[in-house]
There are 2 protein chains.
Amino acid sequence: MNLKTEVKSDIEIARESQMKPIVEIAATVGLSDDDIELFGKYKAKLSADTLKKLQTKESGKIILVTSINPTPAGEGKSTVTVGLADAFTSLGKKTMIAMREPSLGPTMGIKGGATGGGYSQVLPMEDINLHFTGDLHAITTANNALAALLDNHLQQGNELQIDQRRIVWKRALDLNDRALRKIVIGLGGPVQGVPREDGFDITVASEIMAVLCLAADLNDLKARLGRMVIAYNINREPVTVADLDVEGALTLLLKDAVKPNLVQTIEHTPALIHGGPFANIAHGCNSVIATTAAAKLADFVITEAGFGADLGAEKFLHIKGRSAGIKPEAVVIVATVRALKMHGGMIKSELKNESVAALTAGFANLKKHIETIESFGLPFVVAINRFITDTEAEVLALLELCRQENIPVALTEVWEKGGAGGVELAEKVLKAIDTNETEYQPLYDLSDPLDVKIRTIVQKVYGASDVEFSPKAKKQLEEFDDFGWGHFPICMAKTQYSLSDDPAKLGRPADFTVLVRELKPSVGAGFIVALTGDVMTMPGLPKQPAALKMDVDENGQAVGLF
Amino acid sequence: MNLKTEVKSDIEIARESQMKPIVEIAATVGLSDDDIELFGKYKAKLSADTLKKLQTKESGKIILVTSINPTPAGEGKSTVTVGLADAFTSLGKKTMIAMREPSLGPTMGIKGGATGGGYSQVLPMEDINLHFTGDLHAITTANNALAALLDNHLQQGNELQIDQRRIVWKRALDLNDRALRKIVIGLGGPVQGVPREDGFDITVASEIMAVLCLAADLNDLKARLGRMVIAYNINREPVTVADLDVEGALTLLLKDAVKPNLVQTIEHTPALIHGGPFANIAHGCNSVIATTAAAKLADFVITEAGFGADLGAEKFLHIKGRSAGIKPEAVVIVATVRALKMHGGMIKSELKNESVAALTAGFANLKKHIETIESFGLPFVVAINRFITDTEAEVLALLELCRQENIPVALTEVWEKGGAGGVELAEKVLKAIDTNETEYQPLYDLSDPLDVKIRTIVQKVYGASDVEFSPKAKKQLEEFDDFGWGHFPICMAKTQYSLSDDPAKLGRPADFTVLVRELKPSVGAGFIVALTGDVMTMPGLPKQPAALKMDVDENGQAVGLF
């Protein structure tokens, strides 16, 4: 294998790449200058008129990229998504990407950017990873405008009789800021607001982000915003945004954020990057509007869902797909040697050492995710995302494990080689679509009771023996039925590191029970969140934040973005 | 006078106006497609290269628009600025506007937009009044990233020995949100941060906004950000952003926000709208970069400064002008019949009634501002900004008062007639420039001690008999000298409604003393704030916020923006 001796950073590779003007990229999928709204030369939004015009067109095929349970560093799902799309393009297929927008908090914290890596990146990576076209800022603003209007309602007489101890709407910032998790506001006397407990979530955890990603159009967005539950009144009845009469103002703040953003890969495949809801507290998929528009513009759409197949893919299929009336034609399950070794019992500091034994033991995790995708009736291909540190013996062993069980698999080297490194995967995905004889089916019906829906996910997707509900959750199951929320799908909030609700249980745990601590209604988004374990909705910064390395050079170019 | 019987709203007038593509507007001042970065068809940023290229060009003449002490509704300074520029254009003068960006907080609260009014507006008004090109969001993000990094420093061991009781850096949102004025953060136990008192300012009150508006270029911006004082350590020594080593990251977050935004008036005069610092806690002028660039691109630049000549103009001349090496060739002092009647003793609810007597009594306020401008050695013209409710008798009386004292004056009807309503004013401004024989001079030298500088402003600009310093301020005067901050200019924080520090003292108060409660170092911006009276850095919302009327119509167009 021809591994480069000197490894370039993502931003170095991105900087050396020659972008085409976005108007040229738009033209490759039949969009004229009037169909897009430029943000500089290399970014654009699809106009509202264009989105309307596309609705009558036929849709292309959607391919969903998911993964095994990841390590904290991630398995390169975005990189595979980009590389696979470039491979499709190189095979002469009219292809688009539909991906999520990065959040600035993790970018400045520990994670670095979220625009793929190596020679499989979307560009301009520094813009996309920083403010991009301002969508997340618009969501932050709408989220906090709602909070300010709510607190002002308390201050100005509280006509709706909101119980200030039962306000569930939190404030948000697109930053990692642990000191804002639990705060007290409204201090300082009668003209400074009503004192109460509050807290900030990271913007991607805001229900407005989920609403934007599930809305069919601007009118649907407004209706969903109006349905959001922000508090309970003194009679314990839900109070909504519509009760506060501000869904119009919030929609106005989001009228441009709702339009998908067009960019390109290093190899000039067009990509719509739009929306980025958390994959724990929300459904972790890019916007319905972008995925749908991409499918109207191209014959093939490569899209991804957050974390492993137990979280993002399950939610794509049960929440996003059902809400939007879309289903994937095939699924790509990304696995890495590194993560499988960890699932096989290796500790993190030893992962650089070769161990076919650990890899073989960890294979069970991949197997479970494969079974999950099969249970939905979807064809799939496993993509082994090769890392430079993987040994030849490990890669061959993993390929052999798959072949022994007749699992369609392809080695991808998209990080190093771009689309050329994903051609085998692309060909196998095309074959999977062509030869597929099964029929997609959800694992639960929306008409099932909430607890049945949760049990179905926990048993069929996680492999748990059963689910347990806390006393609080039990009470909520009844209340939510009374409030008319029983027909919503479930959005599980669970650790991404394990199939179970315990991040320490790697591999394929068995004989475990999942505890649902609490339910949270996301009535605007249209799902009920079931919280298991500790769910982080506002990350913290590490001792050495990535921000310390960020800078601009003397020419005003970004430095230190990864 | 031909007053329309049916008065259209600003947004109706804006919507009916036909914008030209911004590339055409750019071309009128010699900018090519490559010189600008488009944000849709009607907004653009000047590129970094363009800004560099302009530096060697000769500068046009700057005309500063200021006003008397305003009423809460404002005297229409932005409207006169826009109308005057359109009048200049109609006279064949190559003219640009340099204005501030509106803040979303007041737009959603009580004030409505800040893009002029009637037929003297900058367009697209709904975009400019909402997210525009994201500058304020970038500043909010940089402000709060700094706060998060600071709190993370405390959390991770506090190597700099920051005294958590003496952290002066606050968080910010571009919203009116009184409940965030005084808060406690970091609650919830050891992994949730270090508990301490904190608070949010509105973004335009952030020192980063002032820094962005005073920076000469990106390198200067970075140096200024590094100098910002964010806390004091346990030895009471200042701790700066550079000590935290994050000025690079903050600069990266601001690398696009630092580029001025190009838009147009209803009559297609090009306008740079950039930066919008508060005129109390900061200096209240648009960015140096925008004003300088406008002067390189056009023969005449019309710019404005916040509130009355006692605040914005004084700060333009002593802070912005001195820092940037620019000075206006002439000043326009906007006055209204309405405000002068209030200064003459009429109560607000009676202002719609005719009263030449009150107007005559209130004339003293205008006189004082004229004297201030004269003391700087600058030629001026008074602009009477006609409101529809002004009676013929009142307008004639005001014109006569000016004529009696040989005050150059012009009646402007730019709200109703656009540039055509400002031609007389434009001609008088041109004449004032041509016939001017005086020489601009600041009222104080930077080498004067801080207390002398403050006394000079208070006596010469406000007409006070003296200044008094609180014990705290006295102590700070000494400390600030020790810290090497004695050479900075002063940024007075004072009520805009009165020449004194008491908002109730209208007209031209005499025999009053101004109390300086406290000083605040803005070392990055490069000034010392002297706080008098109560200074609001986070506004609240009224009982019926403007947000309640905001909406989008079925075509996705903005509704209810004023």
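The values are calculated or read from the model by the stated rules, or taken from the named source; none is laboratory data. Keep in mind that this is a model prediction, so the values were computed, not measured. Cβ placement follows ideal geometry from the backbone for every residue including glycine, while neighbour counts extend to all protein chains displayed. Only protein heavy atoms, including side chains, enter the accessible area calculation; ligands, DNA and RNA are left aside. Shrake-Rupley method; radii C 1.70, N 1.55, O 1.52, S 1.80 Å.
Summary table
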| item | result |
| --- | --- |
| Count - residues of the stretch A:336-360 that are farther than 27 Å from A:Leu425 by Cα, open to solvent by 40 Å² or more (accessible area, probe 1.4 Å) and in contact with a Ser or Thr (Cβ under 8 Å, 6 or more places away or on another chain) | 1 |
| Of residues in the stretch B:323-335 being out of contact with any Leu (no Cβ under 7 Å at 6 or more places or on another chain) and of a type outside the set (A, V, I, L, M, F, W, C), the one surrounded by the fewest Cβ atoms within 10 Å (Cβ to Cβ) | B:Gly325 |
| Among (1) farther than 24 Å from B:Ala358 by Cβ; (2) of a type in the set (Lys, Arg); (3) out of contact with any Lys or Arg (no Cβ under 9 Å at 6 or more places or on another chain), the one test that B:Lys505 misses | (1) |
| Within the stretch B:231-246, considering residues that are surrounded by fewer than 23 Cβ atoms within 10 Å (Cβ to Cβ) and within 13 Å of another protein chain (Cβ to nearest Cβ), the one nearest to the chain's Cα centre (by Cα) | B:Ala242 |
| Residue match in the stretch A:364-371 (condition: more than 20 Å from A:Gly74 (Cα to Cα), surrounded by fewer than 18 Cβ atoms within 10 Å (Cβ to Cβ) and at pLDDT 95 or above) | yes |
| Residue list for the stretch A:383-402, restricted to those being open to solvent by 70 Å² or more (accessible area, probe 1.4 Å) and out of contact with any Lys or Arg (no Cβ under 8 Å at 6 or more places or on another chain) | A:Ile388, A:Glu392, A:Leu396, A:Glu400 |
| Of residues in the stretch A:109-158 being over 24 Å from the mean Cα position of the chain (by Cα), among the polar types (S, T, N, Q) and within 10 Å of chain B (Cβ to nearest Cβ), the one least open to solvent (accessible area, probe 1.4 Å) | A:Asn152 |
| Tally of residues being open to solvent by 20 Å² or more (accessible area, probe 1.4 Å) and either assigned to a loop (DSSP other than H, G, I, E, B) or touching a residue at least 40 places away in the same chain (Cβ under 8 Å) (or both) across the stretch B:541-551 | 3 |
| Among the residues listed as B:Ala290, B:Ala294, B:Ala330, the single one being touching a Ser or Thr at 6+ places or on another chain (Cβ under 8 Å) and either under 30 Å from B:Leu359 (Cα atoms) or modelled with pLDDT of 95 or more (or both) | B:Ala294 |
| Residue match in the stretch A:446-461 (condition: closer than 30 Å to A:Ala410 by Cβ, among the hydroxyl-bearing types (Ser, Thr, Tyr) and in the same structural domain as A:Asp511 (by TED's automatic domain parsing)) | no |
| Residues that are of a type in the set (A, V, I, L, M) and farther than 30 Å from A:Val516 by Cα, drawn from the stretch A:272-306 | A:Leu272, A:Ile273, A:Ile289, A:Ala290, A:Ala293, A:Ala294, A:Ala295, A:Leu297, A:Ala298, A:Val301, A:Ile302 |
| Condition broken by B:Gln161, with the remaining ones in (1) on the phi < 0 side of the Ramachandran plot; (2) more than 9 Å from chain A (Cβ to nearest Cβ); (3) in contact with a strand residue (DSSP E or B) (Cβ under 9 Å, 6 or more places away or on another chain); (4) open to solvent by 10 Å² or more (accessible area, probe 1.4 Å) satisfied | (1) |
| Given (1) touching a Gly at 6+ places or on another chain (Cβ under 6 Å); (2) of a type in the set (A, V, I, L, M, F, W, C); (3) more than 14 Å from every other protein chain (Cβ to nearest Cβ), number of the condition B:Ala48 does not satisfy | (3) |
| Verdict on A:Val529 being assigned to a loop (DSSP other than H, G, I, E, B) and either touching a residue at least 12 places away in the same chain (Cβ under 8 Å) or under 26 Å from A:Gly74 (Cα atoms) (or both) | no |
| A:Glu394 over 16 Å from A:Val332 (Cα atoms) and charged (D, E, K, R) | yes |
| Any hit, the stretch A:40-52, residues being buried (at least 24 other Cβ atoms within 10 Å of the Cβ) and either within 22 Å of A:Ala410 (Cα to Cα) or free of Cβ contacts under 8 Å to residues at least 24 places away in the same chain (or both) | no |
| One residue from B:Glu518, B:Glu554 being free of Cβ contacts under 8 Å to residues at least 12 places away in the same chain and outside the structural domain of B:Phe307 (by TED's automatic domain parsing) | B:Glu554 |
| Count of the stretch A:534-560 residues which are more than 8 Å from chain B (Cβ to nearest Cβ) and either of a type in the set (Val, Ile, Thr) or in contact with a Leu (Cβ under 8 Å, 6 or more places away or on another chain) (or both) | 3 |
| Hey, B:Val184 under 35 Å from the mean Cα position of the chain (by Cα), surrounded by fewer than 23 Cβ atoms within 10 Å (Cβ to Cβ) and more than 9 Å from chain A (Cβ to nearest Cβ) or not | no |
| Residue count, the stretch B:251-277 (criterion: more than 14 Å from chain A (Cβ to nearest Cβ) and not in a loop (DSSP other than H, G, I, E, B)) | 7 |
| Complete set of residues in the stretch A:431-441 that are in contact (Cβ under 8 Å) with a residue 60 or more places away in the chain and either crowded, with 18+ Cβ neighbours inside 10 Å or over 30 Å from A:Ile490 (Cα atoms) (or both) | A:Ala432 |
| Unique match (being in contact with a strand residue (DSSP E or B) (Cβ under 8 Å, 6 or more places away or on another chain), modelled with pLDDT of 95 or more and open to solvent by 30 Å² or more (accessible area, probe 1.4 Å)) among A:Glu478, A:Glu424, A:Glu405 | A:Glu424 |
| Number of positions in the stretch A:306-322 that are open to solvent by less than 10 Å² (accessible area, probe 1.4 Å) and under 16 Å from A:Leu499 (Cβ atoms) | 9 |
| Count of residues meeting criterion [open to solvent by 10 Å² or more (accessible area, probe 1.4 Å), in contact with a helix residue (DSSP H, G or I) (Cβ under 8 Å, 6 or more places away or on another chain) and within 23 Å of B:Gln476 (Cα to Cα)] in the stretch B:199-225 | 1 |
| Evaluation of B:Asp34 against (1) surrounded by 13 or more Cβ atoms within 10 Å (Cβ to Cβ); (2) at the interface with chain A (Cβ under 10 Å from one of its Cβ atoms) (one fails), failing number | (1) |
| Filter result for A:Val452 (closer than 24 Å to A:Thr107 by Cβ and open to solvent by 10 Å² or more (accessible area, probe 1.4 Å)) | no |
